[in-house]
Amino acid sequence: MTRLLVRNAVLLTLDPDRPDPFPGWFTVGDDGRLTAVEPGEPPAGVAADETLDAGGALVGPGFVSAHSHLFTSGSRGLGMDQTLYGWIEAMTRYTAAADTDDIYWMTRHGAQDFLRNGITTAFDFSDAGLRFEKESAGVARFDSALPDTGFQHAQLRAKVDAGLRHVHSVMLGQGDVDTDAALAQLDDVVALAATADPDLHLRLAISGTVQWASSRDAATLEVAAMRRHGLLNQPHFLENPNEVELQQSKFAWYAEAGALGPDLVFGHFIQTTDEILQAAAAAGCGMSWQPMSNGRLASGVAQIPRIRELGMRVGMGLDDQSCTDVSDPWNNMRTALALLRATHHDPAAMPVRDVLALHTRGSAEVLGIDDSVGTLRVGRYADFLVVDPRRPDTGPVWDAYGTYVLACSLRNLHAVYVGGRQVAEGATLCDPASTEVEAQVHERMARLRAEVDSR
């Protein structure tokens, strides 16, 4: 059966195998996947349970955030004038006191905020519940301990309950914990994740922590975990503008441990050398780029033109909702364009069409989930956005990509669909539980603030 027919749309499919944009139509099957994507008007015999006339609006795939921390959604506006580790201290002041129920509601709040803003899939670094200690502006550590499995899994449940597709990423045991114990805890995480809805839970990953480790054993443990369960690994790496030589020296830890390869995706990857870039590219590694976060925290500008020249896969992420503050993929794209063009004094440093591709198809490719999301192609999930440049009016559309990326914004986002079902109309979520989620987060954050500040 056909669930939905969408017609009278200007399609930005991001399909690399066909030219777009084009006026066209598509259909969605009962499984929530696209069954046809074609130019023109649908033939007379095409019927569906529901028809959406897009009225000539721009329709593109849902954004994919390749790097996110959804639990931080209730901590925006903190650490306003800090670099990375100072901001983390400010941001986690209250979330560090959260229990399993608190972290569930925080994460669900972040997930529904993404959906409202057109981000239909996210790589989510779950909070491990371990204390983060800053030693200096460039050195920090996590507690030597095993994460709480239930605490981590609550964040997966929150994403599923919100209806957000995701890659769920977990931290391994930190410090001098026993390797067998760390891997056994991961086994429990993997077993629990296997019970989640596979249409929403697309993949499990680990959150690499070599940037904060004091021993090469951290890289060895990550490789053992990756191979044990076939997991993706996205470490925060070479992000901080302080203690750069110390950070760069740890690239060798990954190389010597045998971690370099397609399942290693470097998050941020700013403070690099050309030798590091060449080695990572030659091994087939990917990277995730967070331009808004990197600018907010004064982390620097990633060498994206050189990274792409070397053939590395690149995706884009919104990062912490508390350091992008507004989860706005259009602002993220425009920030990316501005940073690179200003840095290189060259408008060709990042073409407009390319930045949209990086935040959709590119993010899906770097996460290994491009067979499911990131483009409007037959067989992919029907996760799409209806973006109308006439409400409010942005003037004539001379180039659909130029208007979509440069002139449109959240105010032009009129509808968000996941699997062919509408999840947001404008800024209003269709989920009847969304107001309860908001109330829970406000009440819980107020309680945590009172508890922490009274100590």
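The values are calculated or read from the model by the stated rules, or taken from the named source; none is laboratory data. This one's a predicted model, so the numbers in the text were calculated from it and none came from an experiment. When we count neighbours, we look across all protein chains shown, and the Cβ atoms used for this are built from the backbone with ideal geometry, even at glycine. Heads up: the accessible areas ignore ligands, DNA and RNA and are worked out on the full protein's heavy atoms, side chains in. Shrake-Rupley method; radii C 1.70, N 1.55, O 1.52, S 1.80 Å.
Odds and ends about this structure:
- Leading residue by the ranking (farthest from Val6 (Cα to Cα)) among those in the range 427-437 that are open to solvent by less than 70 Å² (accessible area, probe 1.4 Å) and touching a helix residue (DSSP H, G or I) at 6+ places or on another chain (Cβ under 7 Å): Val437
- Selection count, the range 117-140, where residues are part of a strand (DSSP E or B) and free of Cβ contacts under 8 Å to residues at least 12 places away in the same chain: 1
- No other residue among Ala302, Ala252, Ala298 is surrounded by fewer than 17 Cβ atoms within 10 Å (Cβ to Cβ) and at negative phi apart from Ala252.
- Filter result for Ala36 (small (Gly, Ala, Ser), farther than 30 Å from Tyr94 by Cβ, in contact with a strand residue (DSSP E or B) (Cβ under 7 Å, 6 or more places away or on another chain) and free of Cβ contacts under 8 Å to residues at least 60 places away in the same chain): no
- Note on the range 88-127: residues that are open to solvent by 10 Å² or more (accessible area, probe 1.4 Å) and more than 27 Å from Arg421 (Cα to Cα) total 13.
- Qualifying residue in the range 442-453 (condition: open to solvent by less than 30 Å² (accessible area, probe 1.4 Å) and under 27 Å from Leu5 (Cβ atoms)): no
- Residue ID - surrounded by the most Cβ atoms within 10 Å (Cβ to Cβ), chosen from residues in the range 406-426 that are among the small types (Gly, Ala, Ser) and touching a strand residue (DSSP E or B) at 6+ places or on another chain (Cβ under 8 Å): Gly420
- The listed residue being farther than 30 Å from Arg108 by Cβ and buried (at least 17 other Cβ atoms within 10 Å of the Cβ), out of Ala48, Ala44: Ala48
- Given (1) within 26 Å of Gly368 (Cα to Cα); (2) not in a loop (DSSP other than H, G, I, E, B), index of the condition Gly208 fails: (2)
- The set of residues in the range 57-82 that are at positive phi and open to solvent by 30 Å² or more (accessible area, probe 1.4 Å) contains only Gly77.
- From the list Thr343, Thr335, Thr375, the lone residue that is over 19 Å from Leu14 (Cα atoms), at pLDDT 95 or above and open to solvent by less than 50 Å² (accessible area, probe 1.4 Å) is Thr335.
- When Gly173 is tested against (1) touching a Leu at 6+ places or on another chain (Cβ under 6 Å); (2) outside any loop (DSSP other than H, G, I, E, B), exactly one condition is not met: (2).
- Put simply, of Ser327, Ser293 the only residue that is part of a loop (DSSP other than H, G, I, E, B) and either acidic (Asp, Glu) or within 25 Å of Leu84 (Cβ to Cβ) (or both) is Ser327.
- Test: residue in the range 41-56 that is of a type in the set (D, E, K, R) and within 25 Å of Ala122 (Cβ to Cβ): no
- Qualifying residue in the range 142-157 (condition: outside any helix (DSSP H, G or I), loosely packed, with under 15 Cβ neighbours inside 10 Å and touching a residue at least 40 places away in the same chain (Cβ under 8 Å)): no
- Given (1) closer than 22 Å to Val167 by Cβ; (2) open to solvent by less than 30 Å² (accessible area, probe 1.4 Å), index of the condition Val37 fails: (1)
- Residues in the range 344-373 that are assigned to a helix (DSSP H, G or I), of a type in the set (A, V, I, L, M) and in contact (Cβ under 8 Å) with a residue 24 or more places away in the chain: Ala349, Val352, Val355, Leu356, Ala357, Leu358, Ala364, Val366, Leu367.
- Condition met for Ala259 (under 30 Å from Asp354 (Cβ atoms), open to solvent by 50 Å² or more (accessible area, probe 1.4 Å) and either at pLDDT 95 or above or assigned to a helix (DSSP H, G or I) (or both)): no
- Ala191 falls short on exactly one of the conditions (1) open to solvent by 40 Å² or more (accessible area, probe 1.4 Å); (2) outside any helix (DSSP H, G or I), and that condition is (2).
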